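First the structure, in the form of structure tokens, and then the observations on it.
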Amino acid sequence: MQGVATFVRGEVSGDGLDAAPGCCRDFFRRGLEGVGGARGNDHVRPLLCQTTGDSLADPLASTGDHRHLAFQLHNSSDGRMTGGYRRLKPPPTARAYHPGVTDTTIETVETTALRFPLTTPITTALSTYTHVDATAVHLRTRGGLTGFGITAGLGGMANVAIKPYIDSELAPLVIGQDALAPKAVWHRMWSPNKPRMRAGLGVWALSAVDIACWDLVGKAAGLPLHRLLGGFVSDVPVYGSGGWHSLSDDELVDECQTFSKQGITAYKYKIGGPRDQERTELLRREMGEDFILFADANQRFTVHQALETARMLADNGVAWFEEPVLADSADDLAEVAAASPVPVATGENVYFGWGFREVCDRRAAAYLQPDVGRCGGITEFVEIAHLAEAYNLALSSHLWHELSITLVGASRRGFMVEYAELIPPDALTVPFEVVDGTIRVPDVPGHGVEITPEALARFAV
């Protein structure tokens, strides 16, 4: 299909407009009129329109085959403006370039609600927890590939809401889509669900599906996802995480020393209780001046209280002050960051790249800690990593080291990954062992994380 339209002294005419599909006529007319007064050398301005049938199509929402039309404008030296359109061939698929790639169309979405019991209860400034609540997602393609995703949190029963939300609302949007276009799949889920995805469990659900989609990207390419995303380092430094309020002083020191024996050089412990100074001084005394300590307040303090605590932490050489105030208040966080003698870390309760952009713009943190299962998945984690590079900040993570090493290790601004074995190691198909303070990114296609079929059956709820 092709045709020509002409612009002369403010009027548009020609068989090109009459022959064009109805949805494109105004589009073409606006294209001509918008540049109709241009003068000077000949030039061409291409405009693209995608249509399905005779109605303007949203390429993310349509399930039909698109017709690709290119519209070109030509401004000649005699003042006449002409425009023409022609059909373009659809861009070749990945299989056209790589015949060995199987059909990556998503065929099924399977979800499993899981509960992993903790060996002993753990306590933060927020609450006491007895288990890890998780929702696993498996995306299967027509070509036989399977991608795995997961979102998880301490305690609660979030999976009671997340699993049916994925099953009833997100899965129908994903089925039939190409897994090799993860950002398009992400927007297909997010766009119609904005009211339910400002933050919270809706975004957790989105994150799990997105993680599975990116796993398929790596598997289809036959490469570790870590390499596809940048592959900056393969042996990623980790810090030991724990220091729960429920630990006795002896247990606190023993946990920290156990991490140290694995070659780990940094340890994060909890504050926001009545014995913060005693616990901090104990760790510094027992671990020595060169060992790195991080303190996590879990949003416990007001601005005034946080600044008082920061002075105590600075006296004991603590390297970062995590979530000192309410995570929802960027103003409070920025105020603390500006006055604290200890750098601020935050991110586990920040959603999407634009949430982190506000943190960066306000200079509210020196360390960014996105949770891949909460922040919007790998799609958004990559955006956050780019922000860390742009603002020259350190990139860490929140929990789930099994996935986080792939993402933090791929970034030039990668710092350390939080290491805490909250999911039983025997529930995973591959081990994630600490060697000399680092964990090696799995050298397998995809992100390398998968729960065994036995564990899925055992921990399903």
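The numbers here are math on the coordinates, done by the rules we state, and not lab data. The model shown is predicted, which means the values in this text are computed figures rather than measured ones. Please note: Cβ atoms are built from the backbone with ideal geometry, for glycine as well, and neighbour counts cover all protein chains shown.
Figures for the structure shown
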{"read-out": "FRET efficiency for Arg362 and Val461, using Cβ-Cβ distance with R0 set to 41 Å, rounded to 0.05", "value": "0.55"}
{"read-out": "Residues with amide H under 5 Å from that of Ile175, placed H, sequence gap 5 or more", "value": "none"}
{"read-out": "Rg(Cα) / (2.2 N^0.38 Å) computed for the range 255-414, rounded to two decimals", "value": "1.01"}
{"read-out": "Linear extension gain, Ser246 paired with Leu428, 0.36 nm per residue minus alpha-carbon span", "value": "62.8 nm"}
{"read-out": "Dipole in debye (nearest 20) - the range 225-449, about Cα centre, beta carbon charges: Lys, Arg +1; Asp, Glu -1", "value": "540 debye"}
{"read-out": "Computed over the range 244-382: relative contact order in percent, which uses C-alpha pairs under 8 Å that are six or more apart", "value": "17 percent"}
{"read-out": "Computed label-point distance, nm, for sites Thr119 and Ala199 using a 7 Å Cα→Cβ extension", "value": "3.4 nm"}
{"read-out": "Semi-axis lengths (Å, descending) of the ellipsoid that matches the C-alpha gyration tensor of the range 109-239", "value": "26, 21, 14"}
{"read-out": "Gain on full stretching of the segment that runs from Arg412 to Glu454 - 0.36 nm per residue minus C-alpha separation", "value": "11.4 nm"}
{"read-out": "Angstrom value of the Kirkwood radius, inverse mean 1/r, which spans all Cα pairs in the range 288-338", "value": "11.2 Å"}
{"read-out": "Relative contact order (percent, whole number), the range 326-461, Cα cutoff 8 Å, 6+ residue spacing", "value": "17 percent"}
{"read-out": "Least to most buried among Cys256, Cys213, Cys360 (fewest other Cβ within 10 Å first)", "value": "Cys360, Cys256, Cys213"}
{"read-out": "Length added when fully stretched, Asp235-Gln257, from 0.36 nm per residue minus Cα-Cα", "value": "5.7 nm"}
{"read-out": "Separation of the Ala181 and Asp167 label points, Cα + 7 Å toward Cβ, nm", "value": "2.9 nm"}
